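Only one structure is covered here, and it is reproduced in the block below.
The values are calculated or read from the model by the stated rules, or taken from the named source; none is laboratory data. Bear in mind the structure is a predicted one, so any value in this text is a computation, not a measurement. Here the Cβ positions follow ideal geometry from the backbone for every residue, glycine too, while neighbour counts run over all protein chains shown. These area figures cover heavy atoms from the full protein model, side chains too; ligands, DNA and RNA do not enter into them. Shrake-Rupley method; radii C 1.70, N 1.55, O 1.52, S 1.80 Å.
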Amino acid sequence: MTVNQIVAILALMRRTKQEESLTLQFKLIIMIDNDPLKRTELSALGEFGLIDHLTQGIAPVNSTTLKGVGDDAAVLDHGDMVTLVSKDLLIEGVHFDLTYTPLRHLGYKAAVVNISDIVAMNGKAEQLLVGISVSNRFSVEALDELYAGIRLACEKYKVDLVGGDTTTSVSGLFISVTVIGRAKKEDVIYRSTAREHDLICVSGDLGGAYMGLLLLEREKKVYQANPQMQPDLEGNDYVLERQLKPEARADVLIKLREAGVKPTALIDISDGLASEILHIAKDSGLGCRIYENKLPIDVVTAEVAAEFTIDPTTAAMNGGEDYELLFTVNVNDFKKISAIQGIHIIGHMLEKAEGEYLISNGGSLYPIDAQGFNHMKA
Ligand code: ADP
Ligand code: MG
C-alpha cells in the first residue's frame with residue numbers, strides 16, 4: 001500500500017465517521033481496531049463496565065418493555081402477567097472444559113443456569129431455545145449426550161424446548177440458551193428494590209462450586225503430566241456436584257411463598273456473593289454489611305479450601321457458580337425467615353453513605369470487592 005493510498009483511506013475514515021454509514025463503518029471498525037491510539041482494551045472496562053458502555057442511553061421505545069438491561073431477566077408487559085427473558089452464552093475453553101465436563105452435565109448446567117435467572121425474578125421458566133455452534137470434532141452421539149442433559153433439566157423444571165439454531169464452528173463448541181418465563185406482574189422481584197434495614201439472606205451454602213472447579217483443574221494437570229494416573233477425587237462428591245450439576249432454587253421460592261415472605265430484592269449467585277450483593281446495594285442505592293461468621297459454608301467446601309490454602313470466606317464471597325438465591329427481606333419477617341430451613345441471614349442493608357463492607361470474625365471491616373469470575377480480567 002502506498003502512502004497516498006493510506007492517506008486516502010484515513011480521509012475516508014474521517015468522512016465515514018461523520019456520515020455513520022453502515023457499510024463504510026465496517027471498514028472503519030477494522031482500521032480503528034488496528035490503530036493503537038484508538039484502541040481501548042476490554043479489560044479496561046471489565047464485563048459489567050462493558051455491558052454498561054454498550055447499552056448506555058438505550059431507552060425502550062415499546063411500552064411493553066418494563067425492564068430492559070440490568071436485571072437477571074428482561075420483563076415484558078402482558079397485562080396482569082409479564083414475560084421474563086434471559087440469555088446466556090457458554091464457550092468451550094472459557095466457560096467449560098470438556099476434559100472433565102461430561103457433555104450430559106454440560107447440557108444440564110446450560111439449561112439450569114438460564115432457568116435460575118427466571119427464578120431470580122420470582123418467575124416460572126416455561127420455554128427454552130438452544131443455539132449450538134459445533135465443529136466436526138463432535139459426533140452425533142456426543143451431541144445426543146449434550147441434549148440428554150438439556151432434556152433432563154427441561155423435565156425436572158417443567159420447561160419446554162421450543163427452538164434454537166444450529167451452525168458449524170471452525171473449532172470448539174458454543175452453546176447459547178435463551179429462556180422464557182412468566183410471572184404475575186405484582187410478583188416480580190427486581191435487584192433494585194431493597195430497602196434500608198432489610199435483612200440479607202442466602203439459600204443453601206456458598207463456595208462449593210468454585211472448590212469443585214479447582215479440584216477438577218488440579219486433576220486435569222495431574223492427568224496431563226501422567227495419563228496413567230487415576231483422578232483422586234475421593235470424598236469430594238459434594239463440591240464436584242456443585243460445579244458439574246448446579247440446580248436452580250425454584251424450591252426456595254415455594255418455601256418463601258408458603259412462609260408468607262416476599263423478598264424486597266432478589267438475585268441469583270452466578271458471579272459470587274460479593275458481586276451480587278454489590279448489584280443489589282448499588283441498584284437499590286444502599287450500603288450493606290455482611291457478617292463473615294454468618295456465611296454458610298459446607299464442611300467439604302472448607303476442607304477442600306484448606307487443601308488449596310484458600311480462605312473459605314474468599315471462596316464464598318468470590319467463588320461464583322453456586323446458583324443460590326441472594327435476597328433481602330423486611331426486618332419484620334425475621335421470625336418467618338428464621339423458621340425456614342436452608343435459609344441463612346447473613347447481613348443487612350444500610351443507607352448508601354455507610355458503604356458496602358464485610359465484617360470479619362475479628363470484627364474488622366473489609367470493603368466488599370467484586371473480583372469474582374470476571375472472565376475479561378482473567
Ligand atoms: P446474569 O449474571 O444474571 O446472567 P449478566 O451479568 O450476564 O446477568 O447481565 C446483566 C444484564 O446485562 C442483563 O440484563 C443482560 O441481559 C444484560 N446484557 C449482558 N450482555 C449484554 C449485551 N452484550 N448487550 C445487551 N445487554 C447485555
Ligand atoms: Mg442472574
Can you tell me the order of 190-196, 339-345, 311-317 when each peptide is scored by its average per-residue count of other Cβ atoms within 10 angstrom, highest first? 311-317, 190-196, 339-345
Check every DSSP H run in the chain and write down those whose alpha carbon atoms cover 18 angstrom or more along the long axis and whose mean Kyte-Doolittle hydropathy is 0.5 or greater. 22-34, 103-119
Starting from the Cα of Glu241, step 7 Å along the direction of its Cβ; do the same at Glu145; then give the gap between the two resulting points in nm. 2.1
Label-point separation, Val69 to Asp165 (7 Å along Cα→Cβ), nm: 1.9
Dipole axis of the chain (+1 Lys, Arg; -1 Asp, Glu on Cβ), positive-most option in Thr193, His95, Gly272: Thr193
Distance-filtered residues of segment 106-141 - backbone nitrogen under 18 Å, label point 7 angstrom along Leu89 Cα→Cβ: 110-111, 113-114, 129-135
Please compute the length gained on full extension between Glu354 and Tyr291, using 0.36 nm multiplied by the number of residues separating them and subtracting their Cα-Cα distance. 21.2 nm
Fraction of accessible area attributable to carbon and sulfur, the chain (%, probe 1.4 Å): 55
Please list 142-151, 197-206 highest first by mean number of surrounding beta-carbon atoms within 10 Å per residue. 197-206, 142-151
Would you please report the Å³ per residue occupied by the convex hull of the alpha carbon atoms in the chain? 197
Two-site label geometry, Glu155 and His197: point separation in nm, points 7 Å out along Cα→Cβ: 5.0
